[in-house]
Structure formats: C-alpha cells, structure tokens
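Chemist: Here it is, the structure, as structure tokens.
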Amino acid sequence: MRHEKAGRLLELARLLASTAEGLTLDEMAQRLGVGGRTVERMRDAVRDVFPQLEEVDDPPTRRFRIPSGLDGLFQAPTAEELAALQAAAELLANQGAHNRAGALKSLEQKVLSATRAAARRRLAPDLEALLQAETIAVQAGPRPFEDEVVLSTVREAVKAMSALRFRYAGGATPGRVREVTPFGILFGRSNYLVAQEDEAAGPRNWRLDRILAVEVLDRPAVRPQGFSLQDYADESFGIFHDDVEDVVLRITPAGADEALRWRFHANQSVEPQADGGVLVRFRASGMLELAWHLFTWGDKVRVVAPQVLHDTLMAQIELALRTHASASVAPDP
C-alpha cells in the first residue's frame, strides 16, 4: 500500500475514534474530500485494521465509530503539531488570555506524557529547531480580560443549562443585578458573554470585565432552539451588534491584491472589476467597528453602501480632525 494511502486511512481512523456519536459515510467523504465509492473502500480497509469499528443505526442512515480509541502507537504527534500548539498557547498568553493558554499547556503535557519515550526523543531536535525559528509578532491592542472565576462559572452554567446571576458594572444602570440565560462566550479584542435577559429583546453582549459576583442559579435556562453562536457572531463585522446592513466596498486597483487575500466578513463575495479594482459585498452589523477598520486602508477603499457606514466613517474622520487639527506636537527636549 502506498504511504499516502496508509496516511489517509490513519486519518479516517482518527476521525472515527474522535467522535462519540459516529460519522456517516457522507460526513466521512466531506471531511476527507473524497467521493462516495472511495470512502466506502476506505471504511472497509479501516475495518480490516481496526475490527472494533462499530456501526450505529441512525435512520435513515448509519454511523460508524471506533469507541475504544486508538493505541498510542498510532497517535504520536509531529513536531509541527507540537510547535503549533505551543505557538497558540504563547499567542493567548501574550494577549492576556492566561487561562486558555494554561489549558493548552496542560494539553501539551498530556500529549507528551502519552507519547512513547522513543517518539519523544525523535521529536525533540525538530521541535527545538521549529521553536527557535518561529515566533509571534505581538500587535498593539487591548488585552482581553479573563478572570478564572468568571469564565469557569459561565462555562458551568452553559454546560448545566442553568441561569446566571451577576452584578453588571456597565450599561445604562451600572451596578444593577441581572439574571440571564447564557448562550456562550465571544473571545476577541474584548471578551463578551452572550446572554438573554429579556426573551422579547433577544441576546445581547455583556463584557466579562464588568461582570461581578457571578453565580449559577438553580433554575433551568435553555437557549432558543436553532440558535447558533457562530451565526450570531457572523452577523456583525466585530463585536457590536446593531442593524444588519448590506455593505458594498470598492477597493482601488492599488489595493486589489491585498483585498483578494483579505477577509472582511465570513460571508463576503469578491467581484474583480474591469479597471483592476475589486467590489466586496457582505451583510453585517457593527458599522462603527467597520469604519474604524477602514481607516487602515487609507485611500485604497471607498464606501459604496450603506449610507450609514459612509456617515459613520465621515463622523470619525471629522472627530479625529477636530482633535488633532489645533494640537501641536511638543518638540523633543
């Protein structure tokens, strides 16, 4: 059997061992990027090597899984995987996300402790070379707030599908006690709890650094059926949620190459123009954050729509001009 085919079969075996409910043939084919006939042959080959492969009836189809997992012989990590894990932990630590960085460090230790000594010795030189040759450029920006008590309490409520109570030091009435249904957490430049206080008003964002005296209530709180935190996040350009707008940006020919490599939004479409420029279209809320971002494009972008984005951008430009037009820079001593 060719090396590439053996690698693909091992990849499928790992997929089947990493899922509790199992995968359908269609799901296997989608994950591996192969056709239906190919994935059937691969499943049969995996069954020959791993006879513990189970079939689970899930009408109108069937699911497949390896419930007992794979032996450590098949699970040795690569130097590239360990370097990526360490880099992710370092990035989170540099951003101030020490709890999540610690979780990745703990995962790294568990992976290494489960790896056979001979494999660890083989990995060590390559891993050391990669760690010395790669680093992360720390960008300026706010450090996200991650309090261990707040994060663990919110996660406990989400897992138990229970309501949360906390005192919120923000909003129109700072210090007011809130009782909410937690939906999840948005991690970014600032971290937010997504939760619903009033069913009629829908979900809103609560800054984690303003949540005080948080506790899980002995009261069920289930988020609406069909709600997707990812879909909710994708509605906005950044964190702020307001009216959803149809955004059209025209990128000049000078910025076209950069725009083709840039993702403004998860659901964007990009249309090359005859003059070498690019039109970018997407639907999103958060026009203020989008206006802030457009500053970084200088004269390479023009707002075609909506009017509210154009007006927001102009207001921010005028604010910056008023602030700096009459100010003088003190000379160096």
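Chemist: Report the residue count in region 196-227 for those that are in contact with a helix residue (DSSP H, G or I) (Cβ under 9 Å, 6 or more places away or on another chain) and either in a strand (DSSP E or B) or exposed (fewer than 15 other Cβ atoms within 10 Å of the Cβ) (or both).
Modeler: So the answer is 7.
Chemist: For residues in region 278-304 being of a type in the set (Lys, Arg) and surrounded by fewer than 17 Cβ atoms within 10 Å (Cβ to Cβ), which is nearest to ASP257 (Cα to Cα)? Give the steps one after another, and end with the answer.
Modeler: The first filter runs over region 278-304 and keeps only residues of a type in the set (Lys, Arg), leaving 281, 283, 300, 302.
Next, only the ones that are surrounded by fewer than 17 Cβ atoms within 10 Å (Cβ to Cβ) stay: 283, 302.
Values: ARG283: 22, ARG302: 16 Å.
Per the stated criteria, the residue is ARG302.
Chemist: Sticking with this one: Name the residue, out of LEU249, LEU294, LEU229, LEU279, that is within 29 Å of GLN196 (Cβ to Cβ) and either at pLDDT below 90 or in the same structural domain as PRO306 (by TED's automatic domain parsing) (or both).
Modeler: Numbers: LEU249 fails: within 29 Å of GLN196 (Cβ to Cβ); LEU294 fails: within 29 Å of GLN196 (Cβ to Cβ); LEU279 fails: within 29 Å of GLN196 (Cβ to Cβ).
Going through LEU249, LEU294, LEU229, LEU279 in turn, just one is within 29 Å of GLN196 (Cβ to Cβ) and either at pLDDT below 90 or in the same structural domain as PRO306 (by TED's automatic domain parsing) (or both): LEU229.
Chemist: Quick check, is SER236 hydroxyl-bearing (Ser, Thr, Tyr) and modelled with pLDDT of 85 or more?
Modeler: Values: hydroxyl-bearing (Ser, Thr, Tyr): yes; modelled with pLDDT of 85 or more: no.
So SER236 does not fit the description; no.
Chemist: Which of the residues that make up region 255-271 are surrounded by 14 or more Cβ atoms within 10 Å (Cβ to Cβ) and either over 17 Å from VAL244 (Cα atoms) or not assigned by TED's automatic domain parsing to the domain that holds LEU319 (or both)?
Modeler: Filtering region 255-271 for residues surrounded by 14 or more Cβ atoms within 10 Å (Cβ to Cβ) gives 255-256, 259, 262, 264-265, 268, 270.
Residues satisfying the conditions are GLY255, ALA256, ALA259, TRP262, VAL270.
Chemist: Moving on to the next point. Within the set of pairs 6 or more residues apart or between chains, which connect a residue that is at positive phi inside region 1-27 to a residue that is at pLDDT 85 or above and surrounded by fewer than 19 Cβ atoms within 10 Å (Cβ to Cβ) with Cβ atoms less than 7 Å apart?
Modeler: GLY22/VAL56; GLY22/ARG63
Chemist: What are the residue pairs meeting all of these: first residue in region 116-127, first residue without any contact (Cβ under 8 Å) to a residue 60 or more places away in the chain, second residue exposed (fewer than 10 other Cβ atoms within 10 Å of the Cβ), Cβ atoms under 8 Å, and 6 or more apart or on different chains?
Modeler: Close Cβ pairs (under 8 Å, with a partner that is exposed (fewer than 10 other Cβ atoms within 10 Å of the Cβ)) amount to ARG116/LEU73.
Chemist: If I go through region 186-208 residue by residue, how many of them are over 15 Å from the mean Cα position of the chain (by Cα) and within 15 Å of GLU235 (Cα to Cα)? Walk me through it before giving the result.
Modeler: So the first thing to find is which residues in region 186-208 are over 15 Å from the mean Cα position of the chain (by Cα), and the list is 195-208.
Okay, now just the ones that are also within 15 Å of GLU235 (Cα to Cα), so 202-205.
The number of residues fulfilling the criteria is 4.
Chemist: Now a separate question. Pairs needed: first member in region 147-166, assigned by TED's automatic domain parsing to the domain that holds VAL177; second member anywhere, part of a helix (DSSP H, G or I) and among the β-branched types (Val, Ile, Thr); C-beta distance under 8 Å; at least 6 residues apart or different chains.
Modeler: LEU164/THR153; LEU164/VAL154
Chemist: Same structure again: Can you tell me how many residues within region 257-302 are in contact with a Phe, Trp or Tyr (Cβ under 7 Å, 6 or more places away or on another chain), assigned to a strand (DSSP E or B) and among the aliphatic types (A, V, I, L, M)?
Modeler: Residues flagged as in contact with a Phe, Trp or Tyr (Cβ under 7 Å, 6 or more places away or on another chain), assigned to a strand (DSSP E or B) and among the aliphatic types (A, V, I, L, M) within region 257-302 amount to 2.
Chemist: So, one more: So which residues in region 164-181 are touching a Lys or Arg at 6+ places or on another chain (Cβ under 9 Å) and either assigned to a loop (DSSP other than H, G, I, E, B) or under 23 Å from GLN95 (Cβ atoms) (or both)?
Modeler: Filtering region 164-181 down to residues touching a Lys or Arg at 6+ places or on another chain (Cβ under 9 Å) leaves 164-171, 174-181.
Of everything in region 164-181, those that are touching a Lys or Arg at 6+ places or on another chain (Cβ under 9 Å) and either assigned to a loop (DSSP other than H, G, I, E, B) or under 23 Å from GLN95 (Cβ atoms) (or both) turn out to be ALA169, GLY170, GLY171, PRO174, GLY175.
Chemist: Only one of THR153, THR61 is at pLDDT 80 or above, surrounded by 15 or more Cβ atoms within 10 Å (Cβ to Cβ) and either of a type in the set (Val, Ile, Thr) or touching a Gly at 6+ places or on another chain (Cβ under 9 Å) (or both). Can you tell me which? Even if it seems obvious, please write down each step before you answer.
Modeler: Details: THR61 fails: surrounded by 15 or more Cβ atoms within 10 Å (Cβ to Cβ).
After ruling out the rest, the residue left standing is THR153.
Chemist: To continue, here is another question. If you go through region 100-123 one residue at a time, do you hit one that is within 30 Å of THR153 (Cβ to Cβ), in contact with a Lys or Arg (Cβ under 9 Å, 6 or more places away or on another chain) and modelled with pLDDT under 80?
Modeler: Within region 100-123, the subset within 30 Å of THR153 (Cβ to Cβ) is 100-111, 113.
From the residues that got through so far, the ones that are in contact with a Lys or Arg (Cβ under 9 Å, 6 or more places away or on another chain) too are none.
Checked against the condition, which is being within 30 Å of THR153 (Cβ to Cβ), in contact with a Lys or Arg (Cβ under 9 Å, 6 or more places away or on another chain) and modelled with pLDDT under 80, region 100-123 yields no hits at all.
The values are calculated or read from the model by the stated rules, or taken from the named source; none is laboratory data. Note that this is a predicted model, so its numbers are computed, not measured. Cβ coordinates were reconstructed from backbone atoms using ideal geometry, including for glycine residues, and neighbour counts include every protein chain displayed.
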